[in-house]
Amino acid sequence: MSVLYRRHIPLAITFICGLIILLQFSLVPAKITEPWQSPFQYYGVTLTNWANLLANFIIGFGVVNISLLHARRIMRAKSWVDKFYSIWLFIVMAAFIVVGLFGYPRMWWTPLAANWDWLQLYVLTPLDATVYASLVFYMASGCYRAFRARTLEGAALLVVGFLSIMYKTPLFQAYAPWIIKTIDWIAEYPAVGAYRGIQVSAALGAILLGIRTLIGVETGYLGRRD
Amino acid sequence: MPFNGLSLDILQIVAGRHLDLVVLLVIWVLTILGVGMLKRGWTPKWRKIAGLEALEEVVGRAAEMGKPVHFTPGYGGLTGATSPQVVAGLAVFAELAKLCARYDVPVICSVGDPTVLGVASELYKQAYMAEGKIDRARPEEAIRYLSGSQFAFASAVAGIAERERPAGNVMVGPFWAESMMFAEVFYRIGSIQIAGTARIYQIPFFAIVCDYVLIGDEMFATGAYLTKEPYGISSIFVQDLVKIFALALTIVGLIAIHLGSKVLIDFLQW
């Protein structure tokens with residue numbers, strides 16, 4: 001493939017699309033008031049819709065990738081135990097695809113719509129909630145290691161962490177109200193200051209990354225860095 | 001004046017967007033000026049980013065142990081508000097894949113969004129091609145789309161960690177509640193970890209558990225830092241200049257507001 005197709009055309013498309021979106025964002029209000037704003041809004045909205053449409057089509061690639069990976073795993077597995085989860089993945093995937101495709105409401109196959117809701121409500125949601133709940137154990141073990149007064153910062157973290165735990169306990173709320181004031185002050189001033197510092201620097205970093213992308217210096221999103 | 005019966009407030013551009021555009025253009029011009037200065041022989045002083053310098057350490061350790069290296073850009077995609085973080089993560093992956101190809105270390109890239117899949121796959125192949133080892137590239141095994149659902153993705157990454165026991169774990173991109181899960185699971189299996197995110201509520205988790213952390217703008221500078229080409233260097237220099245300017249504005253704003261002036265607020269809302 002020539003450099004024209006591999007590099008120049010994608011970079012030109014990026015530059016033009018980026019510029020249209022940028023100008024639409026900065027200069028065009030939600031409800032247009034001037035005739036010159038119309039093309040910016042039209043092309044801006046169209047490009048955004050294209051991006052969303054393409055992103056949804058690409059889900060097919062994901063399905064192919066995961067299917068190939070697990071098919072290979074099933075073929076190479078030495079025991080049924082090794083194969084089990086990959087086979088189970090295909091069964092669940094097939095169930096979701098069938099119910100998802102034919103579960104559209106108000107059609108002759110309407111009963112399947114209820115099955116889709118059932119899968120969402122009684123299979124996916126509880127599983128998600130279970131994994132989410134397990135986070136508490138990871139946090140506890142992480143905190144256990146963090147709350148060691150080996151350094152000055154570690155000691156400060158230990159003290160503030162301990163006060164935060166006390167803050168959430170009714171006993172201390174009733175008998176040591178100064179803890180509430182202390183933690184509120186820490187949360188509202190030093191912590192917010194630190195967060196804002198990080199936010200400003202991250203936003204600037206993202207702006208500069210955007211500029212590098214627009215001018216064709218940052219090409220990682222194309223799948224190469226040449 | 002009302003327009004078509006609508007209040008003028010609805011019709012106006014969101015406050016501050018004109019200034020956004022002007023700042024962007026100023027940064028752009030400054031970057032180009034910086035490139036000109038670099039071409040005339042100016043060399044800025046670089047601060048080393050420990051997290052990026054440690055990539056070689058991660059791959060070296062994996063080579064010694066005969067184990068793979070795991071990478072994930074999170075489950076953010078190339079469309080949406082978190083896409084800059086994903087692009088920054090992919091820049092790290094490009095370098096990591098190159099190092100892995102050089103030292104013959106298998107790399108596993110866990111992807112949570114299909115839009116990233118093709119890009120990561122291409123970066124992986126390019127890395128092997130650059131090292132002259134394209135025959136050893138196995139993109140279909142290395143680049144894995146796991147799930148678009150947050151906790152299914154988290155469980156799958158934890159499963160990979162437990163089964164394949166990578167010697168190193170690099171996580172750069174947008175992360176949500178799964179950040180602590182990943183960091184803890186890889187800590188337990190003894191992986192050396194580099195993490196980076198611009199999501200401020202996840203940075204403390206990474207800071208507690210991981211060996212190296214890329215904070216705030218450090219992760220966005222990755223591509224420029226690693227390639228060290230003039231536009232990249234210049235943009236990082238301009239980034240620092242604007243950061244100083246933002247700090248100065250904060251101090252001026254603080255003084256102005258205490259003196260009862262709203263000049264700066266009006267200026268920022270232009």
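Derivation of every value follows stated rules applied to the coordinates shown; laboratory data play no part. Computed from a predicted model, the values in this text were never measured in an experiment. Note that we place each Cβ from the backbone using ideal geometry, even for glycine, and neighbour counts take in every protein chain shown.
How much mean residue ellipticity at 222 nm does chain B get from its helices, if each DSSP H run of length 4 or more adds -39500 (n - 2.57) and you divide by all residues, to the nearest 500 deg cm²/dmol?
My calculation for chain B gives -18000 deg cm²/dmol from helical runs alone.
Given the alpha-carbon gyration tensor of the stretch B:218-261, what are the semi-axes of its equivalent ellipsoid in whole angstrom, ordered largest first, with each equal to the square root of 5 times an eigenvalue?
33, 9, 5
Write down the percent of antiparallel bridges among all DSSP beta bridges whose residues are both part of the protein assembly as shown, to the nearest 5.
Here the antiparallel bridges make up roughly 5 percent for the protein assembly as shown.
In square nanometres, what is the average projected area of the Cα convex hull of chain A?
For chain A, the mean projected area of the Cα convex hull comes to 24.7 nm².
Give the Debye-formula value of log10 I(q)/I(0) at each listed q (0.13 Å⁻¹), with one equal scatterer per alpha carbon of the stretch A:3-57, two decimals each.
Debye curve over Cα of the stretch A:3-57, log10 I(q)/I(0) at q = 0.13 Å⁻¹: -0.40.
Could you tell me how many degrees, from 0 to 90 and to the nearest 10, lie between the Cα long axis of helix B:178-188 and the main elongation axis, the longest principal axis, of the Cα atoms of chain B?
Taking the Cα atoms of chain B, the angle to B:178-188 is about 40 degrees.
Can you tell me the Rg and the Dmax, both Å, for the Cα atoms in the stretch A:136-188?
Cα only, the stretch A:136-188: 12.1, 32 Å (Rg, Dmax).
Would you tally the net charge around B:I143, using a Cβ to Cβ cut-off of less than 11 Å, leaving B:I143 out, and scoring K and R as +1, D and E as -1?
0
Amide H neighbours of B:I192 under 5 Å, counting only residues 5+ apart in sequence or on other chains, H built in-plane at 1.01 Å?
Placed amide hydrogens put B:G168, B:N169 under 5 Å from B:I192.
Within 10 Å of each candidate Cβ there may be at most 11 other Cβ atoms; applying that plus a DSSP loop requirement, which chymotrypsin sites (Phe, Trp or Tyr not before Pro) in the stretch A:13-79 survive?
Answer by residue number: A:W36.
With just the Cα atoms defining each centre, how far is the stretch B:222-270 from the stretch B:182-202? Give it in Å.
Taking the Cα centre of the stretch B:182-202 as reference, the centre of the stretch B:222-270 is 30 Å away.
Distance between Cα centroids, the stretch B:29-106 to the stretch A:38-83: provide it in whole Å.
Using only Cα atoms, the two centres lie 25 Å from each other.
Taking 2.2 N^0.38 Å as the expected size of a compact globular protein, what ratio does the Cα radius of gyration of chain B give against it, to two decimals?
In units of the 2.2 N^0.38 Å rule of thumb, it is 1.18.
At 20 °C and 1.002 mPa s, grab the translational diffusion coefficient of the protein assembly as shown from Stokes-Einstein with a Kirkwood Rh over Cα pairs, rounded to a whole number in µm² per second.
Once the numbers are plugged in, D ends up at 84 µm²/s.
So if we plug the beta-carbon distance of A:Y132 and A:K78 into 1/(1 + (r/R0)^6) with R0 = 25 Å, what FRET efficiency do we get, rounded to 0.05?
In this case the efficiency is close to 0.15.
Using 0.36 nm per residue, how much length does the chain from A:F102 to A:T46 gain when fully extended, once their Cα-Cα distance is taken away?
My answer for the length gained is 17.2 nm.
According to a simple spin-label model (label point 7 Å from Cα along Cα-to-Cβ), what is the distance in nm between B:L19 and A:R150?
Taking the two extended label points, one gets 4.5 nm.
Any chance you could give the angle, 0 to 90 degrees and rounded to 10, that helix B:230-258 forms with the longest Cα principal axis of chain B?
Result, in degrees: 50.
For the cross-link pairs B:K133/B:K228; A:K78/B:K133; B:K48/B:K243; B:K48/B:K98; B:K39/B:K125, which exceed 26 Å when the distance is taken from alpha carbon to alpha carbon?
Pairs exceeding the cut-off: A:K78/B:K133; B:K39/B:K125.
Would you mind giving the three semi-axes, in whole Å and largest first, of the ellipsoid equivalent to the stretch B:107-252 according to its Cα gyration tensor?
29, 22, 13
Within chain B, what is the longest stretch that has no trypsin sites (Lys or Arg not before Pro) placed in a DSSP loop and near at most 14 other beta-carbon atoms within 10 Å?
B:134-227
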